[in-house]
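To keep things clear, I will list the structure first and then write my remarks on it.
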Amino acid sequence: IHGKVIPVDGPYMCYTRHEPVGVCAQIIPWNFPLLMQSWKWAPAIATGCTSILKPAEQTPLTALRIAELAMEVGFPPGVLNVVSGYGAAGAALSNHMDVDKVAFTGSTEIGFKIMEASAKTNLKRVTLELGGKSPNVIFADADLDMAVAQSQLGLYLNQGQCCIAGSRVFVEDRIYDQFVERSVAASKARKLGDPMKSDVDQGPQVDRDQLDKILGYIQKGKSEGAKLLTGGERFGNKGFFVEPTVFADVKDNMTIAKEEIFGPVMSILRFSDVDELIKRANATAFGLGAGVVSKDMDKIMRFANGVRAGTVYVNCYDVFDPAAPFGGFKQSGIGRELGEYGLHNYLETKTVIIKQDPRTTK
């Protein structure tokens with residue numbers, strides 16, 4: 001982390017410094033508790049900031065245990081802090097006048113409230129990683145086996161509880177029926193149970209509220225005319241399991257094609273024209289991610305350049321690396337996490353201009 005020496009007019013030397021933004025409130029969700037904690041703490045520590053981490057009320061134990069380990073290895077008191085609690089705890093941090101920055105991962109609704117709190121208090125720096133309704137595009141020239149496997153991973157990872165989930169699957173007309181048939185078969189073959197077992201494909205949703213929310217969206221899909229081909233029900237009577245669910249003949253104006261479900265519900269839509277496809281893919285308030293499966297590099301680049309999304313996966317999905325920035329366009333967030341780009345959000349840039357003494361310069 002370093003600044004720059006910048007040539008300026010006149011007898012002056014100009015350079016910049018990157019300094020810690022200060023006290024950071026970091027509010028994380030329940031879907032990837034350990035990963036989200038590392039994504040927040042790492043840049044704060046690297047840039048010299050202090051952190052007050054607020055984990056989700058559903059998953060506080062991971063954060064508290066990692067905080068204990070941080071104490072054991074010798075982090076100074078006050079550098080890394082954890083405050084557990086419900087939404088009121090996050091609201092208190094967002095409104096506190098001694099907090100310099102809020103980094104939040106979660107729903108777009110709460111993201112708006114954090115921005116509002118910043119504006120009403122001390123103009124905290126804010127970074128947000130919010131919801132998504134990511135388009136995943138399957139062109140007719142795609143390897144169909146790869147496309148089905150890619151779309152299954154893109155949708156069902158972590159029981160569908162993933163902000164970048166490829167939940168709008170756009171399939172070109174010529175292979176639509178084949179893709180739907182294979183996707184239904186693959187979804188039916190998924191084994192539900194204890195996710196800690198190696199032969200299990202899908203575990204439960206996080207809690208009853210999430211279960212009920214997902215089942216509610218499935219009912220909306222059916223009532224609005226989407227064709228339910230598999231799943232659509234709670235699995236068993238113990239645990240909050242939802243059957244892998246596939247809807248075909250989904251239209252852009254249907255609720256399941258517009259709103260983030262955060263569950264194992266795949267919506268498959270048709271397309272025939274690339275320009276129309278890009279327009280439809282962008283017809284959303286979100287812009288977190290996108291995917292495309294094709295062998296045609298011209299089509300790939302046309303879509304990747306045209307879609308308004310923070311990450312575009314080509315012939316793959318859900319590939320993450322600490323060096324690669326992650327974040328969204330539009331209402332999917334502000335700023336980036338991970339890599340060099342993620343450090344920028346924890347730094348203030350200071351410009352220093354020094355008048356040179358003409359007696360000592362030539």
Of 191-197, 284-290, ordering from highest average Cβ density within 10 Å down gives 284-290, 191-197
Per the C-alpha gyration tensor (a ≥ b ≥ c, the square roots of its eigenvalues), the range 257-361 is rounded if a/c is under 1.5, else prolate if a/b beats b/c, else oblate; here it's prolate
Measuring from its Cα centre, the chain shows a charge dipole (+1 at each Lys and Arg Cβ, -1 at each Asp and Glu Cβ) which, in debye to the nearest 20, is 740 debye
Of all lysine pairs in the range 87-240 that are eight or more residues apart or on different chains, those with Cα atoms under 23 Å apart total 23
Checked against the structure, the computed Rg and Dmax of the Cα atoms in Å among [x] 31.0, 109; [y] 23.2, 86; [z] 24.8, 78 is the one labelled [y]
Residue 309 neighbourhood, Cβ < 12 Å, K/R = +1, D/E = -1, net charge +4
Taking only protein heavy atoms and a 1.4 Å probe, the highest-to-lowest accessible-area order of 183, 84 is 84, 183
Taking protein heavy atoms only, a 1.4 Å probe, and rounding to whole percent, the accessible area of the range 1-160 owed to carbon and sulfur comes out at 63 percent
Checked the range 36-106 against the a/c 1.5 cut and the a/b vs b/c comparison, axes a ≥ b ≥ c from its Cα gyration tensor; verdict oblate
If R0 = 35 Å, then residue 86 and residue 121, at their Cβ-Cβ distance, give a FRET efficiency to the nearest 0.05 of 0.95
In debye to the nearest 20, the charge dipole size for the range 95-202, taken about the Cα centre with +1 at each Lys and Arg Cβ and -1 at each Asp and Glu Cβ, equals 440 debye
Label model pair residue 275, residue 321: point-to-point distance (7 angstrom along the Cα→beta-carbon line) in nm is 3.6 nm
With all protein chains in place and a 1.4 Å probe, residue 230 shows an accessible area in Å² (nearest 10) of 20 Å²
Result for the range 202-355: accessible area per residue, probe 1.4 angstrom, in square angstrom, of 47 Å²
Other residues with Cβ under 12 Å from the Cβ of residue 124 give, with Lys and Arg +1 and Asp and Glu -1, a net charge of 0
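The values are calculated or read from the model by the stated rules, or taken from the named source; none is laboratory data. This one's a predicted model, so the numbers in the text were calculated from it and none came from an experiment. Here Cβ is always computed from backbone atoms with ideal geometry, including for glycine, and neighbour counts include all displayed protein chains. The protein model used for the area step is the full one, side chains on, heavy atoms only, and it has no ligands, DNA or RNA in it. Shrake-Rupley method; radii C 1.70, N 1.55, O 1.52, S 1.80 Å.
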